[in-house]
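These notes concern the structure reproduced below.
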Amino acid sequence: MQLDVFTLVPHAYSWLTEQRPVAAVLGTELDLRLFSYRDSTPLRAGQVDDEPYGGGAGMVLRVDVVAAALEAVYGARPDRRVVALSPQGRQLTQDVVEELAAEERLTLLSARYEGFDERIVEHLATDAISIGPYVLSNGDLPAMVLVDAIARRLPGALAAGSGEVESFSSELEGGLEYPQYTRPAEFRGWRVPDVLLSGDHARVDRWRKEHVR
Ligand SMILES: C[S@@+](CC[C@H](N)C(=O)[O-])C[C@H]1O[C@@H](n2cnc3c(N)ncnc32)[C@H](O)[C@@H]1O
């Protein structure tokens with residue numbers, strides 16, 4: 001998958017790209033490209049935003065700046081879905097992640113300050129996605145959430161078997177994963193359920209099914 005992110009802070013993504021699962025698929029299943037709006041802005045001195053029409057606090061990311069950034073990379077028309085990260089967008093769920101992870105090419109647009117000029121969302125983006133009903137200071141954390149969630153669905157991102165049975169997966173019928181435990185078997189009197197120590201795989205499977213939340 002080719003996943004492009006347009007941002008004001010491409011360097012902020014270096015942590016993400018050093019971590020699994022992103023690091024595991026970078027250069028093979030995932031071609032992650034980071035673009036700065038400032039590199040293609042038609043305005044002087046790297047300007048990318050402006051005061052809101054109608055007044056009010058904060059600055060708004062300009063439509064001509066985002067159009068120029070997209071054009072510099074894709075020419076007249078992007079050959080892919082372009083997702084604006086926005087609190088007003090469709091709420092992110094595992095189903096949305098699966099849908100986006102199935103794309104061969106995808107673009108994410110991050111904003112900050114007061115957000116996007118609405119014409120970006122209406123005319124330049126194909127989708128708007130919110131990572132939850134709260135406001136963050138920028139779209140880079142939401143973009144990183146999406147990059148991570150998508151990367152772990154790509155082949156080779158996770159150790160064999162570990163991505164199939166987990167919260168929200170069809171194996172758990174969309175439910176939340178059963179409780180997991182590790183050593184010690186007892187700590188401060190808190191015991192791991194005996195069935196998990198029994199070595200009886202059929203009973204363990206039954207117990208886990210019963211404890212999907
Ligand atoms: C401070 S927010 C803008 C908030 C906007 N003025 C409002 O009241 O809805 C700046 C940017 O952060 C990103 N952002 C903030 N919260 C988000 C969320 N829950 N989901 C996705 N993106 C978000 C978006 O790119 C947004 O344009």
Query raised in the report: In debye to the nearest 20, how big a dipole does the stretch 1-116 give about its Cα centre with +1 on each Lys and Arg Cβ and -1 on each Asp and Glu Cβ?
Result: 180 debye
Query raised in the report: Tell me, what is the percent relative contact order of the chain, built from C-alpha pairs under 8 Å that lie six or more residues apart?
Result: 21 percent
Report summary line: Calculated from DSSP helices alone, with each H run of at least 4 adding -39500 (n - 2.57) and the total divided by the residues of the chain, [θ]222 nm to the nearest 500 comes to -7000 deg cm²/dmol
Report summary line: Mean Cβ-within-10 Å packing, highest first, puts peptides 141-147, 185-191 in the order 141-147, 185-191
Query raised in the report: Rounded to a whole number, what % of the accessible area of the stretch 110-213 do carbon and sulfur atoms account for, probe 1.4 Å?
Result: 51 percent
Report summary line: Taking the reciprocal of mean 1/r across every pair of different Cα atoms in the stretch 58-213, the Kirkwood radius in Å is 18.6 Å
Requested in this report: On the protein heavy atoms, probe 1.4 angstrom, tell me the percent of accessible surface of the stretch 18-108 carried by carbon and sulfur.
Outcome: 45 percent
**Report entry** Percent antiparallel among DSSP beta bridges (both partners in the chain, rounded to 5)
**Finding:** 20 percent
Query raised in the report: Relative contact order of the stretch 33-94: what whole-number percent is it, with Cα pairs under 8 angstrom and at least 6 residues apart?
Result: 27 percent
Query - Solvent exposure of the chain as accessible area per residue, Å², 1.4 Å probe - result: 58 Å²
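The values are calculated or read from the model by the stated rules, or taken from the named source; none is laboratory data. It should be emphasised that the depicted structure is a prediction, and the values quoted were computed from it without experimental measurement. All Cβ positions, glycine included, derive from the backbone under ideal geometry; neighbour counts span all protein chains shown. In case anyone asks, the SASA skips ligands and DNA or RNA and just uses the protein heavy atoms, side chains included. Shrake-Rupley method; radii C 1.70, N 1.55, O 1.52, S 1.80 Å.
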